[in-house]
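Student: After the C-alpha cells below, expect a handful of questions from me.
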Amino acid sequence: MSADTPAPWASLVDALRADSPIAVLENAERQLKDILTRELAAELDGPRIRALASFQRDLGFLLKYKPYAVKAASPLGYSVFLQRRGEGFSFQQHITHKTEIFYILDVLPGGFVFLCDFADWPRIYQRDTFLAWLNGTRDERYERFKFVPAPGDVIVIDRLSVVHSVVGCTLVEFATVSTDMVDRLHDQNEGRTIPAEFTRAFAEQRIRQLAWPAASNYVTLGPSGWLRTPLRSHPIRGGQKTTLGDDERFSAALIQIDPAGKSDIVSSPDRAISVHIAGGTGQLLLGTADEMRGGAPPALAARAGDLFLIAPHAHYAFVNDGNIPLIVAEHRIAPDVAFV
C-alpha cells in the first residue's frame, strides 16, 4: 500500500485528540483499530510505513480520563497511568486471560501495590473494614498483601484469579490488550467525578517530563513475604536492553542508547510495535529492508514523550543525537492479539 493512497485514519484525528468522555473516545478507538487491523495486514512500502509511524507520533497517546488517573494508551496495549495521590485501580481480577506488566516510575506518598490470590479474598474481605483500611486504619488481614514499591519495580499479572491493584503511582503498563477485562471486587472509584485538571495539555506535559529509573527489579509475593529480584540488562550495539517480559504473544523491553550511539537495525515479521521515547532525543531510522541498506536511511525525529507505531516487517533502528541517554520503551505484539 502506497503513501499516495489517502490515509484512512485521517478523519479520526480530531475525535481521537479531543478531551471527550471515555465512551466517545472508545468508539473512535474501535474505528481506529478496525483501520489498523487492515493496514497492518497489508504489505506497506517505505513511505506508508513512515506515514503510519508519523501519524501515531502526531496523534500522541489516546487519553482516557478516570476519577483516579489519566490513562494514556496506545492502540496496541501499551499505556502510561498518571495516578493521583492515594487513588488508583479498583481491586480486581481478570475474568479473561490477559497479561499485564506494571513498571513503576514514581511512588507518591502512601502509594502501594496489592496482590492476593482470589482464594484468600472471600476470607479476608469485609467492605467496612476494607474501607477503614484504605482510609488509614491498620489491619493485618490486608497489610500482608500490600507492598510499597520503588521506581523500577516490575509486577507481572499473567494468570487468572489474582486480586490486584496499584494505588498512588505513576506507572507504565505493557498488556496484551488495552481494554478492561476485569471483575471489580471492590471499586472505590464508583460514582466519583473526573478531576478538572485532567486535560490533554496536562497529560502531555507530564508524559514528556517523566523520570525513568536506572535499574529494574521483579517483585513477587512468596510464602515468606515480598521478594525483589534485580533484572539484568544485556549489552546491545550502542547501549543496553532490559527485557521485562517475552512470550509467544508479546514482549516488553526497555532500551538505552548511549550519547552518539546507534542501535542495530531490527525487524519483526509478525508483530506490530509501540515505541515510546521515554527520555532524550534522537532519530528513529525506519523503512523497508532495501531502504535501510542504503547509506542514509530515512529517519523521523524522536524526543521524550513521542509515541510511534511500527508495522510488522518494517525495519528500524535508534540513533542518539543528544548528550544524555536515549531511553525507549518497546512493546511488540501480534495485531490479532492486540485487537481482539
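The values are calculated or read from the model by the stated rules, or taken from the named source; none is laboratory data. Note that the structure is predicted; figures quoted are calculated from it, not measured. Methodologically, a virtual Cβ is constructed for each residue, glycine included, from the backbone with ideal geometry; neighbour enumeration extends over all protein chains shown. We work out accessible area using only protein heavy atoms, side chains counted, and drop any ligands, DNA or RNA first. Shrake-Rupley method; radii C 1.70, N 1.55, O 1.52, S 1.80 Å.
Student: Using Cα-Cα distances under 8 Å and only pairs 6 or more residues apart, what relative contact order does the chain have, in percent?
Tutor: 20
Student: Beyond 31 Å between alpha-carbons counts as too far, so tell me which of K71/K146; K33/K146; K64/K262; K66/K241; K98/K262 fall in that bin.
Tutor: Those over the limit are K33/K146; K64/K262; K66/K241; K98/K262.
Student: Considering only protein heavy atoms and a 1.4 Å probe, what is the carbon-and-sulfur percentage of the accessible area of the stretch 1-143?
Tutor: In the stretch 1-143, the share of accessible area belonging to carbon and sulfur is 51 percent.
Student: What does the net charge come to around S79 if you take all other residues with beta carbon closer than 10 Å to its beta carbon, with K and R at +1 and D and E at -1?
Tutor: In short, 0.
Student: Quick check for you: with a 1.4 Å probe and neighbouring chains kept, what is the accessible area per residue of the stretch 1-88, in Å²?
Tutor: With all protein chains present, the stretch 1-88 gives 39 Å² per residue.
Student: Now for a separate question. Identify which of N27, N135, N189 has the largest mean-square fluctuation in a Gaussian network model of the chain, with springs joining Cα atoms closer than 10 Å.
Tutor: Result for the chain, Cα springs under 10 Å: N135 fluctuates most.
Student: Among the trypsin sites (Lys or Arg not before Pro) in the stretch 70-142, which ones are in a DSSP loop with at most 11 other Cβ atoms within 10 Å of the Cβ? Mind listing them?
Tutor: R138
Student: Still on this structure: At a Förster radius of 30 Å, what calculated FRET efficiency corresponds to the Cβ-Cβ distance of V24 and R127, to the nearest 0.05?
Tutor: It comes out at approximately 0.40.
Student: Take the alpha carbon atoms of the stretch 303-328, find their center, do the same for the stretch 107-159, and report the distance between the two centers in whole angstrom.
Tutor: 36
Student: Can you give the longest stretch of the chain with no exposed loop site, where a site means GluC sites (Glu not before Pro) in a DSSP loop (not H, G, I, E or B) with at most 12 other C-beta atoms within 10 Å?
Tutor: After excluding every exposed loop site, the longest remaining stretch is 44-189.
Student: So what is the 222 nm mean residue ellipticity for the chain from helices alone, if each DSSP H run of at least 4 adds -39500 (n - 2.57) and you divide by all residues, rounding to the nearest 500 deg cm²/dmol?
Tutor: -5500 deg cm²/dmol
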